[in-house]
Structure formats: structure tokens, C-alpha cells
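Working notes for the structure below.
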Amino acid sequence: MSSAEPPAPLSAWRERMRIIIFEADTRAGKAFDVGLLVAIGLSILAVMLETVPGIESVYGPKLRAAEWVFTGLFLTEYILRLLSVPHPRLYARSFFGIVDLLSILPSFISLLLPGSQSMLVIRALRLLRVFRVFKLARFMGEANFLATAMRASSRKIAVFLGTLCILVTILGTIMFLVEGEDAGFSSIPQSMYWAIVTMTTVGYGDIVPHTVGGKIVASFVMMIGYAIIAIPTGIVTAEIVSASRQRVSTRSCSSCMDEGHSASAHYCKNCGEPLSDPPTS
């Protein structure tokens with residue numbers, strides 16, 4: 001089927017399942033989403049409790065069993081999501097589709113790499129659905145503004161980070177020459193680490209300059225650190241202001257489940273499928 005052709009209509013049971021799983025307008029759909037959010041919260045709690053020695057020694061087997069029960073539940077849910085959309089591949093490549101898959105994989109990876117099940121906390125990202133479930137449209141709009149701004153400013157931020165890496169390399173090399181091994185600046189990479197820590201105003205204090213020249217350079221690096229904080233902030237802020245002028249709705253595409261479309265949009269910005277008309281109040 002070519003990309004210009006509309007997707008084949010879903011069968012009645014698949015359409016009913018899509019409405020329950022992906023929409024929160026109906027009672028069944030909202031109950032499904034609320035139950036899912038509760039299950040996600042409990043699964044994350046089980047993962048965290050398993051890392052507490054006192055609790056793990058007593059309830060470890062039960063917590064691990066609970067993790068597998070939740071994994072089986074989320075695996076079933078993931079399969080149902082793929083079955084209930086016209087284009088399963090589009091959903092699988094979407095943000096939530098990837099997050100849903102990543103929230104399942106650590107349990108199986110832990111069979112080969114013990115301890116990797118702790119990465120199940122990535123399920124916390126699935127709690128972002130709470131904004132859609134409880135119709136917090138204003139929050140969804142703000143999240144869309146932020147995502148749009150980050151995408152628009154990505155190239156500018158990349159240039160900024162590249163310049164910062166060059167600056168860190170130069171300053172680290174200078175400190176290596178000024179201070180030397182006796183002060184802990186044993187190599188250029190070690191000195192670059194100090195430059196990063198100092199420039200970001202973190203200041204661990206594990207490596208400090210001792211000579212007058214080193215302190216002068218350090219003072220210069222600290223002042224640069226405060227100055228550069230405003231650069232990425234200004235870039236992202238400008239893009240947020242620009243994105244806020246483009247109002248978005250909370251409609252989701254019935255084909256790829258993408259959200260954050262313009263209020264006047266008639267087609268999905270991701271897959272090009274027609275959007276349903278916005279509900280009238």
C-alpha cells in the first residue's frame with residue numbers, strides 16, 4: 001500500500017480496543033488508563049524497594065515475582081496497542097511506542113545481565129500519559145511548546161557545545177602547563193575535567209590550583225562559567241516564545257497516535273493521515 005492511500009479501516013473489535021487503549025474520553029478508556037498508571041507506579045515502587053538491603057533480604061523473591069507479573073502485563077498491553085492501530089510500525093517508532101518497549105526489555109535483559117532490571121524505572125516516562133488521561137490540556141500545550149523549542153534550538157545548542165568543548169580543551173591544557181602534576185593536574189584530560197567542573201560552577205574541590213598563575217586562570221574560568229549559563233537559556237527561551245505563538249490542540253492521530261497538532265490542522269504532522277474534527281463544546 002502506498003503512503004498516499006488511506007489505511008484500511010479497522011475491524012469493529014480493533015476500533016473498540018483502540019478507543020479504550022488510546023482515548024480517555026470514554027469511561028472504559030479512562031478506567032484503562034488510570035489502572036495502567038497505578039500499575040506503572042507499583043512496578044516502579046517494586047524496583048526501588050528491591051534495592052533496599054533490609055527489604056530485599058526479606059521480600060526479594062516476592063518483589064522479583066511482582067516485577068515479572070508487571071512485565072507480562074505491560075508486554076500484553078504493548079501487543080494490544082500494536083494490534084489496535086492501522087500502522088503498527090508508526091506507533092512502534094513513536095516516542096511512547098519506544099518508551100513502552102524499553103519499559104519491558106530490562107526484565108529480559110536481566111536474564112543475561114543480572115542487575116539490569118533496575119532500568120525498569122524508565123517506566124516512569126509512561127506516567128507522562130497522566131496529562132492526557134486527566135485532560136490537563138494546558139500542561140500538554142506547555143510540554144509541546146518545550147519540545148518544539150528544544151528541536152528548533154538543537155543546532156544552536158550543538159554549535160554552543162562544540163565551542164565549549166574547544167574552550168575546555170584550551171583552558172585544560174593551560175592549567176596542565178601552569179600547575180603540573182604536583183597540584184593534581186597530571187594530564188591534559190585530567191585538567192580538562194577540572195575545567196568542566198569549574199566552568200559549570202559545580203566545584204567538587206578534588207583538584208584545585210596552588211600557584212598564583214593557576215588561581216588567575218581559575219578565576220577567569222569561573223567568570224566564563226557564569227557568563228555562558230545565559231547563552232543556552234537565552235536560545236531555548238527565544239524558541240519557546242516563538243513556539244508559544246503557534247497554538248496546539250490535544251487531538252491525537254488515530255493512525256500513529258501522535259499528538260500536539262496545530263489547532264487548525266486537518267492532517268497529522270507525523271504521518272499525514274486526516275485528523276478527526278475537534279470536539280465542540
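The values are calculated or read from the model by the stated rules, or taken from the named source; none is laboratory data. Not measured: the values here are computed from a predicted model. Cβ placement follows ideal geometry from the backbone for every residue including glycine, while neighbour counts extend to all protein chains displayed.
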Any residue that is among the β-branched types (V, I, T), under 23 Å from A12 (Cβ atoms) and either out of contact with any Lys or Arg (no Cβ under 6 Å at 6 or more places or on another chain) or not assigned by TED's automatic domain parsing to the domain that holds D100 (or both) - is there at least one of those in region 46-62? no
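Going by the structure shown, is E77 among the acidic types (D, E) and modelled with pLDDT under 90?
When the stated conditions are applied, E77 does not pass them.
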Is it the case that some residue within region 179-196 is modelled with pLDDT of 90 or more, of a type in the set (D, E, K, R) and either in the same structural domain as A238 (by TED's automatic domain parsing) or farther than 23 Å from T237 by Cα (or both)? yes
Which residue is modelled with the highest pLDDT, if the candidates are limited to region 40-65 and must be out of contact with any Asp or Glu (no Cβ under 9 Å at 6 or more places or on another chain) and small (G, A, S)? A65
So S110, is it modelled with pLDDT of 70 or more and farther than 16 Å from L42 by Cα: yes
Every residue in region 186-202 that is assigned to a loop (DSSP other than H, G, I, E, B) and either surrounded by 13 or more Cβ atoms within 10 Å (Cβ to Cβ) or touching a residue at least 12 places away in the same chain (Cβ under 8 Å) (or both), please. S186, T200, T201
